[in-house]
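The values are calculated or read from the model by the stated rules, or taken from the named source; none is laboratory data. Worth saying up front: this structure is predicted, and the values here are computed from it rather than measured. Quick reminder, even Gly has a Cβ in these numbers, built from the backbone with ideal geometry, and neighbours come from all protein chains shown. The area values use the complete protein model at the heavy-atom level, side chains included, leaving out ligands, DNA and RNA. Shrake-Rupley method; radii C 1.70, N 1.55, O 1.52, S 1.80 Å.
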Amino acid sequence: MENQTFYVSGLNFSCKRCSACCRHDSGFVFLSENDLENLTIALEMDKDSLLKVYCRWVTDWKGDTVLSLKEKSNKDCILWDDGCTVYEKRPLQCITFPFWESIISSSEVWEITASDCAGINSGKLHTPLEISGFLKARADNPIIIKERGEL
């Protein structure tokens, strides 16, 4: 759960658009209904085509089957091509990074994440209120969970 103790004065972060979080490492970009809507606009595709071309069902850490973006064979995000091809309409998970509950759970986890992200601990100071807003946005836009029997 959210632990504001270590970031009572806020946390610095500005995305360097280095794409380190988008490439070379396997991972999941979980999607909400709002994400799907934004991606259909950005990619100029209908929802069914978007799901077939860009999405996959995966098992998350809780054992739920959830919707995620696919990866290329080299582990890059399927939407990465010399940068994010949908940056202005990218999924909320990407927008709110690194202000995820798992990352801001402690200063130790924050610093471990900083070792892989040049934007952490540099740039804009985000207040605890802003950080809470990122967490709320994630809570208000739940990821899509596959119901039993759903294709």
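Once the Cα-Cα distance is subtracted from the 0.36 nm per residue extended length, the Asn141 to Ser26 segment shows a gain of 39.1 nm.
Remark: region 20-31, residue by residue, has Karplus-estimated 3J(HN,Hα) of 4, 7, 10, 9, 6, 9, 5, x, 10, 10, 6, 10 Hz, where x stands for each Gly or Pro and the curve is 6.51 cos²θ - 1.76 cosθ + 1.60 at θ = phi - 60°. Over the chain, what is the relative contact order in whole percent, taking alpha-carbon pairs under 8 Å and six or more residues apart? Relative contact order of the chain: 41 percent.
How far, in nm, would the chain grow between Asn121 and Arg17 when pulled straight, counting 0.36 nm per residue and subtracting the alpha carbon separation? Walk me through the numbers before you get to the answer.
Values: separation 104, 0.36 × 104 = 37.44 nm, distance 1.48 nm.
The span from Asn121 to Arg17 would gain 36.0 nm if fully extended.
One decimal place: the segment Glu108-Glu44 gains 18.9 nm when fully extended, by the rule 0.36 nm per residue minus the C-alpha distance. Listed cross-link partners Lys16/Lys70; Lys47/Lys72; Lys70/Lys146; Lys16/Lys47 are compared with a 27 Å cut-off, the Cα-Cα value being larger for Lys16/Lys47. For the chain, the longest principal axis of the Cα atoms and the long axis of helix 128-140 meet at an angle of about 20 degrees.
The portion of the accessible surface of the chain made up by carbon and sulfur, rounded to a whole percent, is 53 (1.4 Å probe; DNA, RNA and ligands excluded).
Rounded, prolate or oblate: which fits region 1-90 when a ≥ b ≥ c are the square roots of the eigenvalues of the alpha-carbon gyration tensor, with rounded for a/c under 1.5 and prolate only if a/b beats b/c? Note, shape of region 1-90 comes out prolate. Among the aspartates and glutamates, select those whose C-alpha is under 17 Å from the C-alpha of Lys75, and discard any that sit fewer than 8 residues away in the same chain. Candidates past the 8-residue exclusion: Asp25, Asp116.
Is the chain best put as rounded, prolate or oblate by its Cα gyration tensor, with a ≥ b ≥ c the root eigenvalues, rounded for a/c under 1.5, and otherwise prolate when a/b is larger than b/c, oblate when not? Prolate shape, in that a/c is at least 1.5 and a/b is the bigger ratio. Compared with the dominant principal axis of the Cα atoms in the chain, helix 33-43 is inclined by about 70°. Calculated accessible area for the chain comes out at 60 Å² per residue, all protein chains present (probe 1.4 Å; ligands, DNA, RNA ignored). Quick check: net charge around Leu36, other residues with Cβ under 12 Å of its Cβ, Lys/Arg +1 and Asp/Glu -1? The answer is -3.
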